[in-house]
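Let me begin by presenting the structure, written as structure tokens, before commenting on it.
The values are calculated or read from the model by the stated rules, or taken from the named source; none is laboratory data. As the structure is a prediction and not an experimental result, all values here were calculated from the model. Backbone-built Cβ (ideal geometry, glycine too); neighbour counts: all protein chains shown. The accessibility values were calculated without ligands, DNA or RNA, using every heavy atom of the protein model including side chains. Shrake-Rupley method; radii C 1.70, N 1.55, O 1.52, S 1.80 Å.
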Amino acid sequence: MNQTARIREAVRIGASACPHDCPSTCALEVELNADGTIGRIHGAKDNSYTAGVICAKVARYAEREHHPDRVMRPLLRVGAKGGGKFEAVSWDKALDAVAEKFLDAEARHGAEAVWPYYYAGTMGLVMRDGINRLRHAKKYSGFHSTICVNASYTGFAAGTGRIAGPDPREMAKSDLVVIWGTNPVNTQVNVMTHATRARKERGAKIAAVDVYMNGTMAQADLAVLVKPGTDAALACAVMHCLFRDGKADRDYLEKFTDAPGELEAHLQSRTPQWASAICGTPVETIEAFARLVGERKRAYFRLGYGFARSRNGPASMHAASCIPAVTGAWRHEGGGAFHNNAAIYHWNKTMIEGQDVLDPKVRMLDQSRIGAILLGERDALGEGPPVTALLIQNTNPLSVAPDQTKVKAGFARDDLFVCVHEQFMTETARVADVVLPATTFLEHDDVYQGGGHQHILLGPKLVEPPGECHSNHEVICALARRVGASHPGFGMTPRQLIDWTLQKSGWGTLDNLERQKWIDCQPPFEEAHYLNGFNWPDKKFRFKPDWPTVPFRSPYHCGPVDKLPVLPDYVPLIEVADAEHPFRLTTSPARGFLNSTFNETPTSLTQEKRPNVIIHPEDAAALGIRDGDRVVLGNSRGEVRLHARLFDGVHRGVLVAESIWPNSAYEDGRGINTLTGADPIAPYGGAAFHDNKVWVRKEKARA
Ligand SMILES: Nc1nc2c(c(=O)[nH]1)N[C@H]1C(S)=C(S)[C@@H](COP(=O)(O)OP(=O)(O)OC[C@H]3O[C@@H](n4cnc5c(=O)[nH]c(N)nc54)[C@H](O)[C@@H]3O)O[C@H]1N2
Ligand SMILES: Nc1nc2c(c(=O)[nH]1)N[C@H]1C(S)=C(S)[C@@H](COP(=O)(O)OP(=O)(O)OC[C@H]3O[C@@H](n4cnc5c(=O)[nH]c(N)nc54)[C@H](O)[C@@H]3O)O[C@H]1N2
Ligand code: SF4
Ligand SMILES: [Mo]
């Protein structure tokens, strides 16, 4: 028997869930080999949302799971900070070192000098959110999570009052699927599964709105190309046409919305001509888009994160979400607007997060402003001591956080102690004082919820961790013991935490979930379509949001709230191009990477090749730039060197740099987030990753 045949014989299938920061949260089937390794990963066919399809990068997860560069042992820095030299030590020695530094920071400056810093490298509730139990028990500095969803969630909730919408599987029953500001071909492949089903089975049309002709736009029947940050103008013009052409559902507007008369009057001047001058989309395309929306009432608006990652992003999201309220699309199966289903999961996270010991007086620090915070800028740090100790899990701020120049300078501070718990030697791990080896989702138990669908899924431990890897939960509990934090959650196993949380949340038991593999949490049709009213006291969809009171999980206002529009409108809060910075840059997600994850796997690296920036051929010609030339992009925050890719699938004046490569992949170590800003998006913060004014020039020949 040859080796391939032997492995095939040995294969068992393990059920799991994709842990990555992706709205699809796919139900997985993992090939388990007799030797303890994994083979291919497949999408579960019997999960009605995953429907057997997953992305290529997770299908070949074996590359990441068994990567020779996995961190396998605890490491202590030797030599200079950031020098990248470490020695392997025992877990006890490493954890003692961390605890000593945390206790020391607390003794000198108070508990707020310690900042537990995490994100969604794993979306497992136990492994991602357990760090908050330690934070609350110790009154360490709070974490105002802003890097991803704040702008889009608040824009959506501004109208509906709730982050939830029609069953995502209904896309397959639509006559028109509008994919707006998301690139599912790259970022959440299952949207395409259901949208293309509608096209095949019912002759549905797919319309897409984006700033470049990406894979999703290429598959659309109508591709609506806009300039970054101008979507609200497009949305207003579409609604103008709907009123003008008698396609508004006046009965629906009267029953279900707050100010239809004011909206109609306001839109009088928001003509396609007006919008075209702002968003760059030809008038005929805007008219064609409005016609599709007007004629096909079963229209499903799948609204993504991307178009909200601008300083006016919440207003853009809100404006797009207003369209189905004008047509009454919400009434129909396969109609309405959907962004994420966060609100349908009624979790009790007391035990996981230690919410019972949360002290609301503890200072909150903005995740996206980590650079300014570490540099001690007062407006970022707030009242209270400097941050002198960081515990980092599931995130890689030295690649992904905006305003990188500050982030790097902050991490280089001599009096800052950094512990990074990681699977790989990321850029952040490299500048740490202590690195702890982490398990992957296949090596620990956790429970997941789908943002882009409606399932709770179990991801049980399927293989043994390599080397001395330990899970986030184990690290948090071991540290809690050493720094004197007490909470019943520290004494529980992940499985006990999952069982407790499921039961207290009304989702049954762990045994039950393990048997079923997932729970379909879809609310009833009337509720999902807001047919009993929207989530406001008067039950009406809000064309006129009260921005400061839009419901959000962490109500910490930041950014210029008073500048958001009263009715859906384009507001030029963005970094408008000017004479010095004639280009607008977005940093859209690359297909082969997931944020900074997978930028270590061979297939993804081969696929993405090298950092480049898309530029329109006419812009390139004007600057003497040819395809493949080295170019420099710059703005007030810094300069980045990369290669030009000529492509006419963008408006002139628009640049797209698919991301996120490590800084070290760029010739002078300055990555794309050198150019992005950390100033908060109103009303609840967030980083405007796709909203940058820059200049471009051809790089002089290398000496
Ligand atoms: N392959 C891959 N998959 C991913 C990720 C990844 O990095 N790579 N990231 C994961 C994470 S953390 C998240 S939050 C989701 C995000 O998923 P998406 O919502 O798909 O991603 P975004 O960054 O939000 O960008 C989506 C699209 O918005 C476009 N865009 C940018 N600015 C504008 C604008 O002003 N108007 C319009 N109409 N479009 C605009 C971008 O060009 C891009 O094509 O994806 C997840 N999945
Ligand atoms: N230029 C630009 N920058 C961006 C974006 C963009 O579109 N453009 N998108 C932004 C968005 S939407 C997001 S969400 C952020 C995401 O930024 P990050 O949160 O940094 O993203 P990831 O790369 O998903 O995850 C980070 C790390 O988590 C680790 N990890 C995974 N599972 C575990 C675990 O169980 N335990 C431990 N200890 N570690 C684990 C992985 O090895 C990985 O290194 O990036 C943002 N940055
Ligand atoms: S599409 Fe998203 S959730 Fe599904 S396997 Fe890929 S990364 Fe995971
Ligand atoms: Mo994200």
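Here are some notes:
- For peptides 559-568, 312-321, 61-70, sequence by mean Cβ density within 10 Å, most packed first: 312-321, 559-568, 61-70
- Partnerless cysteines in the chain, where a partner means another cysteine C-beta under 4.7 angstrom, comprise CYS22, CYS55, CYS148, CYS236, CYS241, CYS279, CYS322, CYS419, CYS469, CYS477, CYS521, CYS558.
- Distance violations [Cα-Cα > 25 Å] among LYS139/LYS563; LYS227/LYS563; LYS85/LYS609: LYS139/LYS563; LYS85/LYS609
- Considering all different alpha carbon pairs of region 3-65, the Kirkwood hydrodynamic radius works out to 12.0 Å.
- Peptides 49-56, 213-220 ordered by average Cβ neighbours within 10 Å, highest first: 49-56, 213-220
- Annotation: amide H-H contacts under 5 Å for ALA44 (H modelled 1.01 Å from N, sequence separation of 5 or more, or interchain): ALA27, LEU28, GLU29, GLY52.
- Cα-Cα separations in region 360-511 greater than 23 Å, expressed as whole percent: 51
- D (Stokes-Einstein, µm²/s), Kirkwood Cα radius, region 7-152, 1.002 mPa s at 20 °C: 114
- Most to least packed among 80-91, 106-117 [average Cβ atoms within 10 Å]: 106-117, 80-91
- Size descriptors for region 91-194: radius of gyration and Dmax over Cα atoms are 20.5, 63 Å.
- Summed over all non-identical Cα pairs, the Kirkwood treatment of region 152-283 gives a radius of 16.2 Å.
- Taking the convex hull of Cα positions in region 176-250, its mean projected area over all directions (nm²): 5.7
- In the context of the full set of protein chains, region 191-258 has a per residue accessible area of 35 Å² (1.4 Å probe).
- Cβ-defined net charge surrounding GLY459, 9 Å radius [Lys, Arg +1; Asp, Glu -1]: -1
- For region 583-698, the Kirkwood radius over C-alpha pairs fed into Stokes-Einstein at 20 °C and 1.002 mPa s yields D = 148 µm² per second.
- Kirkwood hydrodynamic radius (C-alpha pairs) into Stokes-Einstein, region 210-301, 10 °C and 1.306 mPa s, D in µm²/s: 115
- Counting DSSP beta bridges with both ends in the chain, the antiparallel % (nearest 5): 45
- Contact order for the chain, expressed relative to its length and based on alpha carbon pairs under 8 Å spaced 6+ residues apart, stands at 19 percent.
- In the context of the full set of protein chains, residues of region 3-65 present 41 Å² of accessible surface per residue (probe radius 1.4 Å, heavy atoms only).
- Per-pair calculated FRET efficiency, R0 = 56 Å: ALA56 and LYS700 via Cβ, rounded to 0.05: 0.90
- Share of carbon and sulfur in the accessible heavy-atom surface of the chain [1.4 Å probe, %]: 50
- For region 583-698, accessible area per residue (1.4 Å probe, heavy atoms of protein chains only), Å²: 33
- Those trypsin sites (Lys or Arg not before Pro) in region 588-636 that DSSP places in a loop and that have at most 16 other beta carbons within 10 Å: LYS609, ARG626
- Counting only Cα atoms, the chain measures 72, 65, 64 Å along its principal axes, largest extent leading.
- Karplus-derived HN-Hα couplings along region 656-664 (A = 6.51, B = -1.76, C = 1.60, θ = phi - 60°), whole Hz, x at Gly and Pro: 10, 10, 5, 9, 10, 7, x, 3, 5
- Within region 340-399, GluC sites (Glu not before Pro) in DSSP loop having at most 12 other beta-carbon neighbours inside 10 Å: GLU383
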